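Read-outs throughout are calculated quantities, based only on the coordinates presented, and are distinct from any laboratory measurement. Since the structure is predicted, the reported quantities are computational estimates derived from the model, not experimental observations. Using ideal geometry, Cβ is built from the backbone for each residue, glycine included, and neighbour counts are taken over all protein chains shown.
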């Protein structure tokens, strides 16, 4: 019988009296045993809603605890994944910052629905997993920009995070076999949507005294950070494929 995936196992665990859990085949597990459960790279990525390449990079940078099996495969403790999810859920954007997210995502959705994206020659080189990975990274770029605009995070810390995101973009580009030139075109297209949204919000919200975030003045910050992401993307995309998987 094939070993069930994490998604399948997660759906079959049911709470029982006295702190016990039972799976569909009848396997009894305590909460502490569930916390000690080890997940594969793909299972951890599914739980986090991230591309496996992103989770691999987090492990390489010791941002997410992991171990390796005798065969060299990564394993992640379930409790560490849940802790990461709780940490990420605790960071809520400001209302004005959320408006930027909604504006950019709205522009992206419109580009899909009105057929604009499909007319761009580079889009055909992105398969569905690559598109989904880029969408996920795009949301994280927006989160980084919101920190830059709203919470006073230091410039050096923002720059470091921007470079890390660029490396993740490049790694996914390489693993998805997307031409580097097309990856650059896709990122520049996304950046143009961000720029347009910032300028529109600056116009709609009126004078600076009426704005929660000084949008027009912040355009330089947005461009400075995205200018850090792009070179890192190119370098990572052109790097040799790591031998350890």
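Here are the numbers:
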{"quantity": "Proxy reagent accessibility, fewest Cβ within 10 Å first, across 220, 169", "calculated": "220, 169"}
{"quantity": "Residues 144, 233, 188, 137 arranged by fewest to most Cβ contacts within 10 Å", "calculated": "188, 144, 137, 233"}
{"quantity": "Reciprocal mean inverse distance between Cα atoms of region 133-200 - Kirkwood radius, Å", "calculated": "12.9 Å"}
{"quantity": "Per-peptide average of other Cβ atoms within 10 Å, ordering 119-131, 60-72 highest first", "calculated": "119-131, 60-72"}
